[in-house]
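What follows is a short report on a single structure.
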Amino acid sequence: MTSLLAAPTGRYAAVPGLLREVGDLKRVRTADADGSMASRAFVRAWAALVDGADPVAVADAETAAAVAGARLAGIDADVLTAMGLGEDEARAVRHRAIDEVADGVLHPATLARLHAAPPPTPGATPPPAFVAALCRQPRAGATAPGRARLITEPPEDHGEHCWAVAVYGALLAEDHGADRGEAFLLGLAHHLHNAVMPDAGFAGEMLLGEHLHAVVERLTERELATLPGALADRVRGLLAARADADTPLGATFHAADVLDRVLQVHHHARAAAFTAREALVDLELVHASPVQAHQNAVLDAAGLLP
């Protein structure tokens, strides 16, 4: 365990800002489709995998889109094309966005393959029903046995969480010596049982007691049966390999999972403590422009400046 943790310790100190921004795609929506950018990417990735795409190729395309989306939000490759940018122009915009948040943060090999990755392309085959179910299934958030649950609104869904763990895992895989395609696929698949079982959190799982393992295994197998055989076998093997953090894949997965769970709590705490001063001063909501002086004068007269 110690040797696996030693190499990426510095990376863990560097990545929270990037991962926080990537995770905010759970909360970014656009007018052209339902769901957050994260849940839509979760669906798109599964559709590509079911259609036979290589998990490494899917991981590269989706992680590049996610890192670019940290700053571009809903302005993805399709939108850039619709806006009239040529292929090279759109690529340059994506590269600028990636470098702005990831240069000097990610492993150099990871950054290089983000630059080289093409935009994501969905498969032609509809994904199995569990994909949409996970996008509808809210996560419980922080719970503990014997304690009332902590309700945070709006809750993330399981598709968003699984997408985030997949992306974070692929971004950290090089540091642990893990296969990024496997880390990505394991992240996408690690809550298959929640397509059927509503999430009651750790507290609810403890109340299931001796039934928990069998229930999770039974429901997971039910959903694996809806995947193409070779993909189901690969996912089944990866799920079995996550038992501990003593392998490169296990260390990568458990790092990605705990980072997303805690960053999600940080998001709710940050949102609850948000102040107008942060928007106006730190984020320069009234930004430099020819009319900035007029806008500030209006706010001052209205008593709205911090």
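The values are calculated or read from the model by the stated rules, or taken from the named source; none is laboratory data. All figures in this text were calculated on a predicted structure; none of them were measured in a lab. Note: ideal-geometry Cβ built from the backbone for every residue, glycine included; neighbour counts use all protein chains shown. Ligands, DNA and RNA are stripped out before the accessible areas are found, and what is left, the full protein with its side chains, is counted by its heavy atoms. Shrake-Rupley method; radii C 1.70, N 1.55, O 1.52, S 1.80 Å.
Please enumerate the residues belonging to the range 285-306 that are in a helix (DSSP H, G or I), over 39 Å from the mean Cα position of the chain (by Cα) and within 22 Å of Phe274 (Cα to Cα). Hit for the range 285-306 is Asp300, nothing else. Could you list all residues from the range 218-257 that are free of Cβ contacts under 8 Å to residues at least 12 places away in the same chain, small (Gly, Ala, Ser) and within 17 Å of Ala178 (Cα to Cα)? Within the range 218-257, Gly237, Ala240, Ala243, Gly250 meet the criteria.
Of Arg242, Arg222, which residue is of a type outside the set (Gly, Ala, Ser) and at pLDDT below 95? So that I can check it myself, show each step before the final result.
Values: Arg222 fails: at pLDDT below 95.
Only one candidate qualifies: Arg242.
Taking the range 1-112 as the region of interest, the helices (runs of 4 or more DSSP H) fully inside it that hold 1 or more residues being among the β-branched types (Val, Ile, Thr) and either within 17 Å of the chain's Cα centre (by Cα) or at pLDDT 95 or above (or both) are 16-23, 37-50, 55-72, 77-82, 87-102.
Taking the range 164-181 as the range and being open to solvent by 10 Å² or more (accessible area, probe 1.4 Å) and assigned to a helix (DSSP H, G or I) as the test, the residues that pass are Glu174, Asp175, His176, Arg180. Only a single criterion out of (1) within 18 Å of Val43 (Cα to Cα); (2) in contact with a strand residue (DSSP E or B) (Cβ under 9 Å, 6 or more places away or on another chain); (3) open to solvent by less than 70 Å² (accessible area, probe 1.4 Å) is not satisfied by Ala65, namely (2).
Taken together, the residues in the range 242-261 that are aliphatic (A, V, I, L, M) and more than 17 Å from Trp163 (Cβ to Cβ) amount to 4. Is it the case, given these coordinates, that Ala214 is in a helix (DSSP H, G or I), modelled with pLDDT of 95 or more and either open to solvent by less than 60 Å² (accessible area, probe 1.4 Å) or small (Gly, Ala, Ser) (or both)? Criteria met by Ala214.
The residue that is nearest to Leu49 (Cα to Cα), counting only those in the range 223-248 that are outside any loop (DSSP other than H, G, I, E, B) and open to solvent by less than 30 Å² (accessible area, probe 1.4 Å), is Leu231. Candidates Glu160, Glu210, Glu182, Glu156: the one that is more than 27 Å from Leu114 (Cβ to Cβ) and charged (D, E, K, R) is Glu210.
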